[in-house]
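The values are calculated or read from the model by the stated rules, or taken from the named source; none is laboratory data. If you're wondering where the values come from, they're calculated on a predicted model, not measured in any experiment. Neighbour counts run over all protein chains shown; Cβ positions are idealised from the backbone, glycine included. The accessibility values were calculated without ligands, DNA or RNA, using every heavy atom of the protein model including side chains. Shrake-Rupley method; radii C 1.70, N 1.55, O 1.52, S 1.80 Å.
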Amino acid sequence: MQCLLDILKTEPDYARLLKAVQKGNLPIAASGLSGVHKALLSSALCVHTGKKLALITPDEHTALQIKGDIESFGLKCILFSSRDYNTERVMGYSKEYEHKRTDTLSKLLGGDFDVLTLSIDAALQYTLPPEKLKAANF
C-alpha cells in the first residue's frame, strides 16, 4: 500500500486534490475513476491528511463495493445503509436495517472508522439527532 501512496504523491492531479482537502476546500467531487481507483484515492487522502472521509455513492451496491475495496487497502470503513421502506400491509417485519443504521451512527459518534460510505438515498434520510443518540447509548 505504501508504494502506491508514494506513487500517487508524485501525480500532479492528486497533489492538487490533496492540497484542496488540506486547505478545507470541501466538498470535492472526483469523476472518471473506476471503483477500485476511487477506493485507492480515498484511502490515500485519509492516510495523507489523517482525516476521516465520507463517500456518497449513487446507490447502496456501489457503496458496499467501495467499502470492500477500501478495507482491502487496510483502512476501517463503515457503511451507512438506507432505511428499508415497506409500503404494503405486513404481519411483521425485521428491524435489521434500523439496527445497522443505529450501530453505524454510534460508530460515527465514537470516531471508530476511517471512511464512511453511503448512498445518496441514505444521506438524505432523516436520522436520530446526535445528542439523543449520545443520551441513549450505554
Enter the accessible area of residue 131 (Å², nearest 10), with the probe set to 1.4 Å and all protein chains included. 130 Å²
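Provide the per residue accessible area, probe 1.4 Å, for the chain, rounded to a whole number of square angstrom.
Spelled out: the 1.4 Å probe surface of the chain, per residue, equals 68 Å².
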Can you tell me the equivalent ellipsoid semi-axes for the chain? Use √(5λ) from the Cα gyration tensor, largest first, whole Å. 31, 17, 13
Among 61-69, 112-120, how do they line up by average Cβ neighbours within 10 Å per residue, starting with the highest? 112-120, 61-69
Net charge over other residues, Cβ less than 13 angstrom from the Cβ of residue 4 (K, R count +1; D, E count -1): -2
Rounded to a whole %, the carbon-and-sulfur portion of the accessible area of the chain at a 1.4 Å probe is 56 percent
Cross-link reach list, lysines versus residue 19, counting only Cα pairs under 25 Å and skipping chain neighbours closer than eight places: 9, 38, 51, 52, 67, 76
